[in-house]
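Student: Here's a structure for you.
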């Protein structure tokens, strides 16, 4: 998050929903879904100057190596950053170019004071395309507020996602046009051995149906002009991304988070057919 033009007050207020000290780890994951390295971390977001400045302290403690610390202070948000009402956010490239690195971080936040789950947790995912049309690296960041117990969630499986999910999507735009909300519906049904059928609808738009094949830890949707991969990850997480970015085609990057068996969040960063960042959508959905 770098300094640029002043952020609207509503965006800054949403950033403040992330304040506190977040304890967790940065997990490096291969594009095929294999965990490669897990580095314990602590990220503090500390409001200063009456809440008008944010101090961000990032500490990583790699096993067998000296700890590292990065400190940032900013009082406005960069052009590539947007927040949703819950405090969910994304930061990253505003334009895709085949001759430069491209990617984004997508972050979800969840607070609960019911049942056995108390406190707040965040799930963040960075997806990087290093000067190439196929994914180069993934970093999964799982965090909980200091002083609270982390919630243990299982590695995501297709079976956990089967069924019908209904919810609401909030879309915000980098040009600060008014946000939009719409109803969502997602149906995922088995369609034979290691295969599923997905039916997705947003608002009044026609439903989109596609078929995915389970290959290892990935669901591959190969129909259409922009094939998509969904990686099933630890802690109920999923990463959705273009299998190979096709020039001249719109595409999106997505993180999903199965918070409990009946509640899921998804955050979607959408790019148009010219590779320009167009919108950020938060979907909160429940199994029916």
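Student: Among the numbered criteria (1) surrounded by 15 or more Cβ atoms within 10 Å (Cβ to Cβ); (2) without any contact (Cβ under 8 Å) to a residue 24 or more places away in the chain; (3) more than 30 Å from residue 150 (Cβ to Cβ), which single criterion is violated by residue 209?
Tutor: (1)
Student: Just to be sure before I move on: is residue 216 touching a strand residue (DSSP E or B) at 6+ places or on another chain (Cβ under 7 Å), surrounded by fewer than 21 Cβ atoms within 10 Å (Cβ to Cβ), at pLDDT below 95 and over 20 Å from residue 131 (Cβ atoms) in the structure I sent?
Tutor: no
Student: For region 59-96, enumerate the residues that are in contact with a helix residue (DSSP H, G or I) (Cβ under 9 Å, 6 or more places away or on another chain) and assigned to a loop (DSSP other than H, G, I, E, B).
Tutor: 75, 76, 77, 84, 85, 86, 87, 88 - these are the residues of region 59-96 that are in contact with a helix residue (DSSP H, G or I) (Cβ under 9 Å, 6 or more places away or on another chain) and assigned to a loop (DSSP other than H, G, I, E, B).
Student: Still on this structure, I have one more. Surrounded by fewer than 19 Cβ atoms within 10 Å (Cβ to Cβ) and in a strand (DSSP E or B) - does that describe any residue in region 147-157?
Tutor: No: region 147-157 contains no residue that is surrounded by fewer than 19 Cβ atoms within 10 Å (Cβ to Cβ) and in a strand (DSSP E or B).
Student: Can you tell me which residues in region 8-52 are in contact (Cβ under 8 Å) with a residue 12 or more places away in the chain, touching a strand residue (DSSP E or B) at 6+ places or on another chain (Cβ under 9 Å) and not in a strand (DSSP E or B)?
Tutor: 11, 12, 14, 15, 16, 17, 18, 19, 30, 31, 32, 33
Student: Let me ask another. Mind checking whether some residue in region 230-242 is at pLDDT below 95, closer than 26 Å to residue 98 by Cβ and surrounded by 14 or more Cβ atoms within 10 Å (Cβ to Cβ)?
Tutor: No, region 230-242 has no match at all.
Student: Here are some conditions: (1) modelled with pLDDT under 95; (2) under 19 Å from the mean Cα position of the chain (by Cα). Residue 7 meets all but one. Which one does it not meet?
Tutor: The number of the failed condition is (2).
Student: Criterion first (touching a strand residue (DSSP E or B) at 6+ places or on another chain (Cβ under 7 Å), surrounded by 15 or more Cβ atoms within 10 Å (Cβ to Cβ) and either at negative phi or at pLDDT 95 or above (or both)) does residue 286 satisfy it?
Tutor: When the stated conditions are applied, residue 286 does not pass them.
Student: Checking the conditions here, which among 121, 100, 111 is modelled with pLDDT under 95 and assigned to a strand (DSSP E or B)?
Tutor: Going through 121, 100, 111 in turn, the sole match is 111.
The values are calculated or read from the model by the stated rules, or taken from the named source; none is laboratory data. Because the structure is predicted, anything quoted here is derived from the model rather than measured. Cβ atoms come from the backbone with ideal geometry, glycine included; neighbour counts cover every protein chain shown.
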